[in-house]
Amino acid sequence: MRMPRGHTLAELLVVVLILGALACVAVPRLSLEARDRRQAEVEARKIVSALRRTRSLAILQAATHPGGFALEIRRHGQATSYEILDLDNSAVVDSQALASGVRCQGHSRFCFNGLGALKESGRAFVDISLSDTTFAVTVTPSTGAVQCVKSKPHGKHTADRSISRRE
């Protein structure tokens, strides 16, 4: 009686085809999720930087612009952008668009006075989301300090994934 020594070419081709089909389905999905997570973090960093810049403008130009400066987030259908405004003359200091698909929920206007504090009282926040990834950007009203943390669903935040430093 003869013992089989290995696999036939047909068996090997079937295994390679099955593995190829699985790779075609799994690999693009993994890379899209990673890309979305990274893009959400990039957009959150843009908002944090813009808020800090707006606060700095309010402090540095307090003598010549006593009205302060504001960051305004605007939604135009599916597109989202933000503007830094001079509150004394309503001039646009800077304007930037966020990546498509990014959702911003929460406050849409952050006004800073000459001391760098928010003009409004109460909790000031905006959630930046793309796919299943959300970053919560909060501004402390009394000091104007900006912080950003990765959020879990339902508003639970993870402090270990902070992407900003304390001011």
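Annotations for the structure displayed:
- Applying 1/(1 + (r/R0)^6) with R0 = 25 Å to the Cβ-Cβ distance of Leu19 and Asp132 gives a FRET efficiency near 0.35.
- Amide hydrogen neighbours beyond the local backbone of Thr134, cut-off 5 Å, H modeled: Ser151
- Rounded to the nearest 20 debye, the dipole size of the chain about its Cα centre is 580 debye, using +1 on the Cβ of Lys and Arg and -1 on the Cβ of Asp and Glu.
- Candidates His107, His65, His76, ranked by Gaussian network fluctuation over the chain, Cα under 10 Å, top entry: His76
- Taking the chain and dividing mean pair separation by its residue count, relative contact order in percent (alpha carbons under 8 Å, at least six apart): 18 percent
- Helical content of the chain, expressed as a calculated mean residue ellipticity at 222 nm, amounts to -11500 deg cm²/dmol (DSSP H runs of 4 or more residues, -39,500 (n - 2.57) each, divided by residue number, nearest 500).
- The H on the amide N of Leu98, modeled in the peptide plane, is under 5 Å from the matching H of Thr80, Ser81, Tyr82, each at least 5 residues off or on a different chain.
- Label positions at Thr143 and Arg103, each projected 7 Å from the Cα along the C-beta direction, are separated by 3.2 nm.
- Residue among Ala70, Gly116, Ile128 farthest towards the positive dipole end of segment 61-153, charges placed on Cβ: Ile128
- Sites Ser56 and Arg123 - FRET efficiency at Förster radius 25 Å, r taken between beta-carbons, to 0.05: 0.65
- Residues Glu43, Glu11, sorted so that the one with the fewest Cβ neighbours within 10 Å comes first: Glu11, Glu43
- Burial ordering of Phe135, Phe125, fewest other beta-carbon atoms within 10 Å first: Phe125, Phe135
- 0 to 90° range, to nearest 10: angle between helix 9-60 axis and the chain longest Cα axis: 10 degrees
- Per-pair calculated FRET efficiency, R0 = 30 Å: Ser81 and Arg37 via Cβ, rounded to 0.05: 0.85
- As a rough footprinting exposure proxy, the listed residues Ile128, Ile73 were ranked by other beta carbons within 10 Å of their own, and the order from fewest upward is Ile73, Ile128.
- Between Ala63 and Glu11, the modelled label-to-label distance comes to 8.7 nm, taking each label 7 Å out from Cα in the direction of the beta carbon.
Only the coordinates and a few stated rules stand behind these numbers; no lab work does. Keep in mind that this is a model prediction, so the values were computed, not measured. Please note: Cβ atoms are built from the backbone with ideal geometry, for glycine as well, and neighbour counts cover all protein chains shown.
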